[in-house]
Structure formats: C-alpha cells, structure tokens
Amino acid sequence: MSRPLERLRVIINHLDRHPAGIRAAPTSAQTVSYGHPQRLRYTLDNDLLTPEQRLFYEENGFLLIRNLVSKQDIDRFRREFERICRQEIKVPGLVVMRDVAIAKSEFVPDQRAVSKVQDFQEDPELFRYCSLPKILKYVECFIGPNIMAMHTMLINKPPDAGKKTSRHPMHQDLHYFPFRPVDRIVCAWTAMETVNRQNGCLVVLPGSHKGTLQEHDYPEWEGGVNKMYHGVRDYDPEHPRVHLEMEKGDTVFFHPLLIHGSGMNQTQGFRKAISCHYASGDCYYIDVKGTTQENIEKEVKEIIVRRHAVGDELTFKDTWAIRGRLVQGERISM
C-alpha cells in the first residue's frame, strides 16, 4: 500500500474509533484525552505531521515539538537580545517593554530592565528565527505555503517583584489581529531555556480554540498589569488546564483562539522565549469597529500617534501591514 493511502487509512481508523480510545500524540506537552473532530479543519494535508499529531492539534489547538530549534541558534538570539538591551544597536520599529513593577525604577541598560522586545522584523539576526526552515515546514502544515511573519516577540519574563506583575492574563491572540481567516493563523513559540511552572511557563486551555473570540480588557489585578496585557473577561475557571513545561529549543505551535497565559516567575532568573505569529499570504484585513476588538484598536492607534507623531489617518490595518513580512511563497492580500 502506498504511503498516502496508508496515512488516509490510519486517519479514517482514528475517526471511527470511540473518543475514549484516542490519546495525545507523544510530541505533546503531556497526555490529554480527546474525542474525534468531525473533520480536519485546522491542519492541512502534508507529509510532515503524523495522523496522531494532526488529530491532537485539531482537538486541542496546540502541538509541542521537542528539540526543534538548535542550541546554536538560541544562543545567537540571546546574544542579539543582550546587545539590544545594552543599546549597542538600534533597530527601526523595535518596541522595548518593561515590567510595570520596575518601569519607574532607575534605568539599567541591560536585560534586567527589559521584559519584552517586539516587532523585531528589522533586526536580521532575530528575524532569522521567523525564517528558519525547520519552523516554516511546520507552519506550512497549519496555514499553507504562502507565509507572512506578522508579529514577533522575544519575551524576557523577569523575576516577580512581589506584585505578581510577571503574570500574563489568560487571553486569545486573535484579540490583537485585524486579519482573517482565523484558521490560517498560527503562532510558533520557542523556549530559550528550561521553562516550567516555577518560572512561569505557558498555560493553555485545550480545546478552547474551537470557541469564538471573547471580550478582552485589562484584568483588575491589585499589583497592576503590563501595557497591552489584555485578558479574557470571562472564561470557565473549571476548564482543564495544561502547563507547557519545555526545554531549550522545544517549540509549541498554537491556534490564535486558544486561551492561554502564563504564571509568575518565582525564580531569580529571567525566563526567555522567542515567538512569531504567522498568517497565510492570502489572509485579508477586516474592520474591527463595532466588535470586541475596538478597544485594542484604539489603544494601538494612541500609542502609534504618540510614539511616531503621526496623524489620526493611520489605521489599525496599516499598523499591521507595515510590520508584516513575507518569508515564504507569495504576499497575496496581506
């Protein structure tokens, strides 16, 4: 029997099985039971993902691939990040963020002052992450061959200052994105060192990607919350959770509707990760006025106007179109 036919037979066999008999793929963060999807909606036909991996992503909305990015690449990204923190280089468009608990403290020109850098698309060294062939071959399984890198981040979660501000509220990434269709967007998130519950690993709600975009806003936390860290206003606190404990180079791919967040960093070190959100080159922009995304549109425009002294004519779509970069295939409508 040919390989494609054998794959199809295995998939059909899985779809015909009782839900209780299906378990998570061995590449996932931990074992999660799930029932069969009605159809394969979130993954595309390919020769890379196994049937078990496809079914796992379909049902849970994330897939963890161990040891995907090399130690050498991770170390190069770390060195470039440290150069940025020491202000040895200036990157056009790069946004440097500080934890709200230390934002008013005396400036220190090293990584202790920085909780995140984002929009590093103009930094050739960091942007190498977004175009790594080993990353793109997986991205293509979710969004197809025309791949745009839309949002880039290197997160440097600091030791918590005692006010729990190192937490990231539970949220859906689609809240920030004015483009669709939702199923042709995926995030690649790579651990740059050991990531566990002690230093604030990702926490995901398996299966929440099958819902809709929910209303987001700043959570009412006593210690405050970092800028742009919106959270889902209302979700089921009893929903099962998975803590994605990872090692250096492990990479998780997840759907933009998957509800996720991260806990406090209770260690004395910094927890680093690098990520990119990808969208298909034939995605399209939408008008978010009158939707639950209107508040993030307003906040983003206020920041852009203040930071770059531009007029109000700049649209939410414009802020994303400027950042997006083609990494594979064709840029069709993005």
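Only residues that are open to solvent by 10 Å² or more (accessible area, probe 1.4 Å) and among the aliphatic types (A, V, I, L, M) were counted in the range 260-288, giving 2. If you go through the range 39-64 and keep only what is closer than 14 Å to T190 by Cβ and open to solvent by 10 Å² or more (accessible area, probe 1.4 Å), you end up with nothing. Looking at the structure I just gave you, is R197 part of a helix (DSSP H, G or I), open to solvent by 40 Å² or more (accessible area, probe 1.4 Å) and touching a residue at least 24 places away in the same chain (Cβ under 8 Å)? Answer is no for this residue. For the range 187-207, state whether one or more residues are of a type in the set (S, T, N, Q), at pLDDT 95 or above and in contact with a helix residue (DSSP H, G or I) (Cβ under 8 Å, 6 or more places away or on another chain). There is at least one residue in the range 187-207 that is of a type in the set (S, T, N, Q), at pLDDT 95 or above and in contact with a helix residue (DSSP H, G or I) (Cβ under 8 Å, 6 or more places away or on another chain).
Restricting the first member to the range 254-276 and to residues that are under 15 Å from G200 (Cβ atoms) and in contact (Cβ under 8 Å) with a residue 12 or more places away in the chain, and the second to residues that are of a type in the set (D, E) and assigned to a loop (DSSP other than H, G, I, E, B), the beta-carbon pairs closer than 6 Å and six or more apart or on different chains are M264/D160; N265/D160; K272/E193.
Kindly indicate whether any position in the range 247-259 is of a type in the set (F, W, Y), in a loop (DSSP other than H, G, I, E, B), open to solvent by less than 70 Å² (accessible area, probe 1.4 Å) and closer than 23 Å to G61 by Cα.
To start, the set of residues in the range 247-259 that are of a type in the set (F, W, Y) comprises 253-254.
Next cut, in a loop (DSSP other than H, G, I, E, B) only: none.
The answer is no, given that none of the residues of the range 247-259 is of a type in the set (F, W, Y), in a loop (DSSP other than H, G, I, E, B), open to solvent by less than 70 Å² (accessible area, probe 1.4 Å) and closer than 23 Å to G61 by Cα.
Would you pick out the residues in the range 174-194 that are in contact with a strand residue (DSSP E or B) (Cβ under 6 Å, 6 or more places away or on another chain), open to solvent by less than 20 Å² (accessible area, probe 1.4 Å), not in a strand (DSSP E or B) and not aliphatic (A, V, I, L, M)? Hits for the range 174-194 are H175, P178.
Only a single item in (1) at pLDDT 95 or above; (2) part of a loop (DSSP other than H, G, I, E, B); (3) among the hydroxyl-bearing types (S, T, Y) is not met by T165, and it is number (1).
Going by the structure shown, is R233 modelled with pLDDT under 95, more than 23 Å from F120 (Cα to Cα), of a type in the set (K, R) and surrounded by fewer than 22 Cβ atoms within 10 Å (Cβ to Cβ)? Here the answer is yes, as R233 does meet what is asked.
A single member of Y129, Y138 is among the hydroxyl-bearing types (S, T, Y), within 24 Å of Q53 (Cβ to Cβ), outside any loop (DSSP other than H, G, I, E, B) and open to solvent by less than 20 Å² (accessible area, probe 1.4 Å), and it is Y129. I'm trying to understand the selection: among the residues of the range 18-63, which are in a loop (DSSP other than H, G, I, E, B), of a type in the set (A, V, I, L, M) and at pLDDT below 95? Residues satisfying the conditions are I22, A24, A25, A29, V32, L40.
Please pick out the residue among R128, R66, R112, R79 that is modelled with pLDDT under 95 and charged (D, E, K, R). Of R128, R66, R112, R79, the one residue that is modelled with pLDDT under 95 and charged (D, E, K, R) is R112. Of all residues in the range 195-209, those being of a type in the set (S, T, Y) and more than 18 Å from H171 (Cα to Cα) number 0.
The values are calculated or read from the model by the stated rules, or taken from the named source; none is laboratory data. Bear in mind that the values here come from a model prediction, so they are computed numbers and not experimental data. Every residue, glycine among them, receives a Cβ derived from its backbone with ideal geometry; neighbour counts consider all protein chains shown. Please note that ligands, DNA and RNA were not included when accessible areas were found on the heavy atoms of the full protein model with its side chains. Shrake-Rupley method; radii C 1.70, N 1.55, O 1.52, S 1.80 Å.
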